[in-house]
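Below is one structure, written out as structure tokens; the observations come after it.
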Amino acid sequence: MKKPIYMDNSATTPCDPRVAEKLCQHLTTEGVYGNPASRSHEYGWLADEAAEAGRAHVAALIGASLKEIVWTSGATESDNLALKGAAHFYKKKGNHLITVKTEHKAILDTCRQLEREGFEITYLDPKENGRLDLTVLEAAIKPETILVSVMHVNNEIGVIQDMAAIGKLTREKGILLHCDAAQSAGKISIDVNEMNVDLLSLSAHKIYGPKGIGALYVRRKPRVRLEAQIHGGGHERGMRSGTLATHQIVGMGEAFRIAKEEMASEAERIGKLRDKLLQGLQDIEEVYVNGDMGHRIPGNLNISFNYVEGESLIMALKDVAVSSGSACTSASLEPSYVLRALGRSDELAHSSIRFTIGRFTTEEEIDYTIELVKGKIGKLRELSPLWDMYKEGIDLNSVQWAAH
Amino acid sequence: MAYSEKVLDHYENPRNVGTFDKDDSSVGTGMVGAPACGDVMKLQLKVSDQGVIEDAKFKTYGCGSAIASSSLVTEWVKGKSIDEALEIKNSDIAEELALPPVKIHCSVLAEDAIKAAIEDYKGKQK
Amino acid sequence: MIYLDNNATTQMDSTVVETMLPYLGEKFGNPSSRHRQGRAARAAIDTAREQVACLVSAHPSQVIFTGSGTEANNLAIKGYAAGLVSGRLFIGSTEHPSVTKTADQQARLDGWFKVALPVTENGLLSDEAMALLSTAKPGDLVSVMLANNETGVIQPISELYGQLGLKDKGIVIHTDAVQAAGKIALEFSVLGVHMLTLSAHKIHGPKGIGALIRDKSIVLEPQMNGGGHEAGLRSGTENVAAIAGFGAAAELVHEALAQTSEKLLALRTRLENGLRAIPGIEIIADKTERLVNTSCFTMASVEGETMLMMLDKAGIAIASGSACSSHDNAPSKTLTEMGLDKSRVRRALRVSLGKNNTENEVDTFLDTLKMKLASFNSVVSNVAI
């Protein structure tokens, strides 16, 4: 067994060897290295052909057509383009957008920017299990609402939103629906038409493709318009300028092709591993699963070990790569805003660990992880004054802490 | 972020983990921090009649740097008089452990823990 | 296949590919993750940042990685303008569309104006352009590319701006150095600019990665919001492999700069001597200082597009305009701005050499071009009879 064991597949995934092979064919000197925008020679044509094949695979995974896929540099850019692009284009129609407090930073930070530009944003609270209450959403809709943005699957807790129900509502109300599907693509099925989604963000590196490439689905019927956010040579039908990285597109295409083919069997295998991990860890006293277990992608387990601080646990689990909170914010010491939005106490939020199981995780690795975590939790609790207090029956909420 | 060798050493082999009877009149207990902030340190000092710290124990809920800071402090205070112990500064701790800027608060907490423990001890002597 | 379109994109160096491969394989971590895999990825970015900074003699902390040169140009112009209420954007009239269109977009907002800086028939900023620039006020932005993608003309921006004292007046200077990098020596501080755009795939690095080098006194608003990567100026999980490749490519071109320029100049001299011997061929900006790899010329009777197809069939890849605007068939903006009449613009071709090209390839190109011109002329004269 190779260590460290990688259980941080929601932060990023290794390239599938099949993806890497395909991608490398477009990297090396023997390969196709033309500029896909070069219309005048074979180098350009071959590159363009490869890019279009990639586009077809991406479209196929989400039930879209070729012309509805716009390449971007990643899901962050897709989120920016979707929200800013739609807000700027439709600002005469209205200035109100709705999103959820547990969205990825790429959405929340973009919303803050739109607020600075004069748009009004409503940030909805999810239910305690992480899911969005449709009545809460419906109540937030105003005549000025132009767009609702809800992520399909949360990156920290893996909870799945009922996009079809949300889409039904937004379609009835004539409001655009954007969905950040960076964490759901390739893990659960997506059909943009069943969901009535108008804009959908995708990333390659979360599903065994390369970093630095993503896509935005932009519905054509009924047609959704966007104002471009990166201006230039007019690539991607004017929606996104910049030379396409052929090898990355090819890599993303291959990753999506494999995902479509293997998703069902993979979900079953990964789900079993996750359940085994959960069972193993549930033997430990005072553990709490964060987010709904019933509506969750198979690979995610987010769990709080009460009275143990998350960062010290990560340090103790140095042979297992996991994360506390999301990788994007892990440079800060704030407890996870997602868990806080779920109403988790700061203590439990501080004590949370996210295990994300992927295509290359083995049962042996799960067994090892369970034993390791059990041992380390024991050790850290021996060190923890809070654990002593808990054992003495002291209610921690009754203690006057000197906040600092 | 990579931890320094010294932090790793204290984290993996924490010194003086444990508890004294907090009702013992020769024991000063300091508990600082808050669970909501992600760190709580409990430092206990056993002080001789001559005012010398004979022994020290700690328990810490917090990150690796917080655990290392409190572990280090238990080593440093032993054999010192109360007044000498009060002179330990957070900057000394941070320097010894090569703490990065985002972890300086751990050393501050350790200094606070010494002060709180000594205050508790002094209170008991009145 | 003979590839003579190196200003559109270049072939990656094998060293670059090798540098990238581990980050597509076992070193796949997310640089924001704090575990070992994450830290290994972060280290690769740190190294590349130093290498890219070194290419332009800047400090690593001045480098902001972006998804392309286009994105860097967007960030420079919109990111700067976003911090101000109003101002003027002085934009070269032969800029890449990622500069002109971004400036156009900005000028649609209240308080913003775009001023186009005209060029002479040699592609250099004209007297009129200098007069316009002398009206620039503190806080205004100037963006003129260091070297043109179509003609290779090098704009002596440090000299020109120095004469006008632009920097001292508090005018903010950006330059798109995508084509110049790796072909002429660049020193960020000596150039006297505040912001400079680079792209990896023009210097034998990967596509999908660029950078904006910036003077940190310039306040930029991020154009991509999110997790706060790249010092908060460009969110999005870093494209580690591409960044590592960019770094390696920057180091390679930097080290071999003198040697490569010498080789390219010799090749181009060979090419242009051959071209000058062909009746009817005129080299654009022949007497102006140009990038040593670029030769743009017009033919007497054949349209560029037609010749390009003929050459492609013969296995030679060149361009008639910039690849970026090849989607529309509009005549080259650069050449039009230089005052060439429409019919002549349509008869233009661009050869852009790369370090992998050989004398043999240049000779083959010249022979093929001559042959095709001759066959075309005979067809045309037959028709005329």
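The values are calculated or read from the model by the stated rules, or taken from the named source; none is laboratory data. Being a predicted model, the structure only gives us computed values, none of them experimental. Reconstructed Cβ throughout: ideal geometry from the backbone, glycine too, with neighbour counts over all protein chains shown.
In the set C:32, C:61, only one residue is away from every other protein chain (no Cβ under 13 Å), out of contact with any strand residue (DSSP E or B) (no Cβ under 7 Å at 6 or more places or on another chain) and surrounded by fewer than 24 Cβ atoms within 10 Å (Cβ to Cβ); that residue is C:61. When residue B:79 is tested against (1) at positive phi; (2) part of a helix (DSSP H, G or I), exactly one condition is not met: (2). With the structure loaded, tell me whether residue A:310 is touching a strand residue (DSSP E or B) at 6+ places or on another chain (Cβ under 9 Å) and surrounded by 24 or more Cβ atoms within 10 Å (Cβ to Cβ) or whether it fails that test. Considered against the rule, which asks whether it is touching a strand residue (DSSP E or B) at 6+ places or on another chain (Cβ under 9 Å) and surrounded by 24 or more Cβ atoms within 10 Å (Cβ to Cβ), residue A:310 comes out as yes.
Given the conditions (1) surrounded by fewer than 22 Cβ atoms within 10 Å (Cβ to Cβ); (2) within 11 Å of chain A (Cβ to nearest Cβ); (3) of a type outside the set (Ser, Thr, Tyr), and given that residue C:84 satisfies all but one, which numbered condition is not satisfied? Unmet for residue C:84, out of (1) surrounded by fewer than 22 Cβ atoms within 10 Å (Cβ to Cβ); (2) within 11 Å of chain A (Cβ to nearest Cβ); (3) of a type outside the set (Ser, Thr, Tyr): (2).
If you scan the stretch B:6-46, which residues turn out to be surrounded by fewer than 20 Cβ atoms within 10 Å (Cβ to Cβ) and in a strand (DSSP E or B)? Give the steps one after another, and end with the answer.
First, pick out the residues of the stretch B:6-46 that are surrounded by fewer than 20 Cβ atoms within 10 Å (Cβ to Cβ): B:6, B:8-9, B:12-13, B:15-26, B:34, B:36-37, B:46.
Within the stretch B:6-46, B:17, B:34, B:46 qualify.
Could you please find all residues in the stretch C:6-18 being more than 7 Å from every other protein chain (Cβ to nearest Cβ) and within 24 Å of the chain's Cα centre (by Cα)? If you could, list the steps in order and put the result at the bottom.
Taking the stretch C:6-18 first, the residues more than 7 Å from every other protein chain (Cβ to nearest Cβ) are C:6-7, C:10, C:13, C:15-16, C:18.
Within the stretch C:6-18, C:6, C:7, C:10, C:13, C:15, C:16 qualify.
Scanning the stretch C:225-254 for residues that are facing another protein chain (nearest Cβ under 9 Å) and either free of Cβ contacts under 8 Å to residues at least 60 places away in the same chain or in a helix (DSSP H, G or I) (or both) returns C:225, C:226, C:228, C:235, C:240, C:241, C:242, C:243, C:245. The residue list A:334, A:382 contains one member that is surrounded by fewer than 16 Cβ atoms within 10 Å (Cβ to Cβ), within 14 Å of chain C (Cβ to nearest Cβ) and either at pLDDT below 95 or under 20 Å from residue A:311 (Cα atoms) (or both), which is A:334.
Listed residues B:93, B:104, B:88, B:67; which is under 26 Å from residue B:5 (Cα atoms) and assigned to a loop (DSSP other than H, G, I, E, B)?
Numbers: B:93 fails: assigned to a loop (DSSP other than H, G, I, E, B); B:104 fails: assigned to a loop (DSSP other than H, G, I, E, B); B:67 fails: assigned to a loop (DSSP other than H, G, I, E, B).
Exactly one of B:93, B:104, B:88, B:67 is under 26 Å from residue B:5 (Cα atoms) and assigned to a loop (DSSP other than H, G, I, E, B), namely B:88.
When the residues of the stretch A:66-91 are narrowed to those that are within 14 Å of another protein chain (Cβ to nearest Cβ) and of a type in the set (D, E, K, R), which ends up farthest from residue A:54 (Cα to Cα)? Per the stated criteria, the residue is A:91. Of all residues in the stretch C:309-325, those that are modelled with pLDDT of 90 or more and surrounded by 20 or more Cβ atoms within 10 Å (Cβ to Cβ) total 4. Hey, among the residues in the stretch B:47-63 that are farther than 22 Å from residue A:376 by Cβ and crowded, with 19+ Cβ neighbours inside 10 Å, which one's nearest to the other protein chains (Cβ to nearest Cβ)? Looking at residues that are farther than 22 Å from residue A:376 by Cβ and crowded, with 19+ Cβ neighbours inside 10 Å, I get B:56.
Residue-wise test of (1) of a type in the set (A, V, I, L, M); (2) assigned to a helix (DSSP H, G or I).
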{"residue": "A:344", "(1), (2)": "no, no"}
{"residue": "A:347", "(1), (2)": "no, yes"}
{"residue": "A:354", "(1), (2)": "no, no"}
{"residue": "A:360", "(1), (2)": "no, no"}
{"residue": "A:366", "(1), (2)": "yes, yes"}
{"residue": "A:369", "(1), (2)": "no, yes"}
{"residue": "A:372", "(1), (2)": "yes, yes"}
{"residue": "A:378", "(1), (2)": "no, yes"}
{"residue": "A:381", "(1), (2)": "no, yes"}
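Tally time: how many residues in the stretch C:112-147 are of a type outside the set (D, E, K, R) and part of a loop (DSSP other than H, G, I, E, B)? So the count comes out to 14. Within the stretch B:84-112, no residue that is over 12 Å from residue B:73 (Cβ atoms) and within 14 Å of chain A (Cβ to nearest Cβ) sits with its Cβ atom under 7 Å from a residue that is at pLDDT 95 or above and outside any helix (DSSP H, G or I) at 6+ positions apart or across chains.
Residues that are more than 7 Å from chain C (Cβ to nearest Cβ) and hydrophobic (A, V, I, L, M, F, W, C) were ranked within the stretch A:245-259; the one that is farthest from the chain's Cα centre (by Cα) is A:250. Residues of the stretch A:65-99 being surrounded by 24 or more Cβ atoms within 10 Å (Cβ to Cβ), within 20 Å of the chain's Cα centre (by Cα) and in a helix (DSSP H, G or I), which ones? Hits for the stretch A:65-99 are A:75, A:76, A:77, A:78, A:79, A:80, A:81, A:82, A:83. Between A:230, A:213, A:207, the distinction of being crowded, with 24+ Cβ neighbours inside 10 Å, farther than 24 Å from residue C:105 by Cβ and facing another protein chain (nearest Cβ under 9 Å) belongs to A:213 only.
Has the stretch C:45-68 got at least one residue that is of a type in the set (D, E, K, R), farther than 14 Å from residue C:243 by Cα, in a helix (DSSP H, G or I) and in contact (Cβ under 8 Å) with a residue 40 or more places away in the chain? Checked against the condition, which is being of a type in the set (D, E, K, R), farther than 14 Å from residue C:243 by Cα, in a helix (DSSP H, G or I) and in contact (Cβ under 8 Å) with a residue 40 or more places away in the chain, the stretch C:45-68 yields no hits at all.
Taking the numbered list (1) assigned to a strand (DSSP E or B); (2) within 11 Å of another protein chain (Cβ to nearest Cβ) in turn, residue B:3 passes all entries but (1). Restricting attention to the stretch C:9-23, the residues that are in a loop (DSSP other than H, G, I, E, B) and hydrophobic (A, V, I, L, M, F, W, C) total 1.
For the stretch A:245-261, how many residues meet the condition of being surrounded by fewer than 24 Cβ atoms within 10 Å (Cβ to Cβ), touching a residue at least 40 places away in the same chain (Cβ under 8 Å) and of a type outside the set (Gly, Ala, Ser)? Steps first, answer last, please.
Let us first name the residues in the stretch A:245-261 that are surrounded by fewer than 24 Cβ atoms within 10 Å (Cβ to Cβ), namely A:257-261.
Keeping just the survivors that are touching a residue at least 40 places away in the same chain (Cβ under 8 Å) gives A:257-260.
This time we only want the ones that are of a type outside the set (Gly, Ala, Ser), so: A:257-258, A:260.
Number satisfying all stated conditions: 3.
Listed here are the residues, each with its yes/no results for (1) assigned to a helix (DSSP H, G or I); (2) of a type in the set (S, T, N, Q); (3) over 19 Å from the mean Cα position of the chain (by Cα); (4) more than 10 Å from every other protein chain (Cβ to nearest Cβ).
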position	(1), (2), (3), (4)
C:80	yes, no, yes, yes
C:98	yes, yes, no, no
C:101	yes, no, no, no
C:105	yes, yes, yes, no
C:110	no, no, yes, yes
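Kindly provide the set of residues from the stretch A:100-120 that are part of a helix (DSSP H, G or I) and among the aliphatic types (A, V, I, L, M), ordered by number. Give the steps one after another, and end with the answer.
Here is the first cut: in the stretch A:100-120, the residues part of a helix (DSSP H, G or I) are A:105-116.
Hits for the stretch A:100-120 are A:106, A:107, A:108, A:114.
Cβ separations smaller than 9 Å between residues 6+ apart or across chains give no pair from the stretch C:147-161 residues that are under 13 Å from residue C:173 (Cα atoms) and outside the structural domain of residue C:190 (by TED's automatic domain parsing) to residues that are surrounded by 24 or more Cβ atoms within 10 Å (Cβ to Cβ) and among the hydrophobic types (A, V, I, L, M, F, W, C).
So which residues in the stretch A:342-362 are surrounded by fewer than 19 Cβ atoms within 10 Å (Cβ to Cβ) and under 26 Å from residue A:207 (Cβ atoms)? Reasoning before the result, please.
Let us first name the residues in the stretch A:342-362 that are surrounded by fewer than 19 Cβ atoms within 10 Å (Cβ to Cβ), namely A:343, A:345-346, A:359-360, A:362.
Passing the criteria: A:359, A:360, A:362.
Conditions tested, residue by residue: (1) within 14 Å of chain C (Cβ to nearest Cβ); (2) buried (at least 21 other Cβ atoms within 10 Å of the Cβ).
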residue: A:101; (1), (2): no, no
residue: A:112; (1), (2): yes, no
residue: A:115; (1), (2): yes, no
residue: A:124; (1), (2): no, no
residue: A:134; (1), (2): no, no
residue: A:142; (1), (2): no, no
residue: A:149; (1), (2): yes, yes
residue: A:155; (1), (2): yes, yes
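Scanning the stretch C:266-295 for residues that are buried (at least 22 other Cβ atoms within 10 Å of the Cβ) and part of a helix (DSSP H, G or I) gives C:267, C:268, C:271, C:275.
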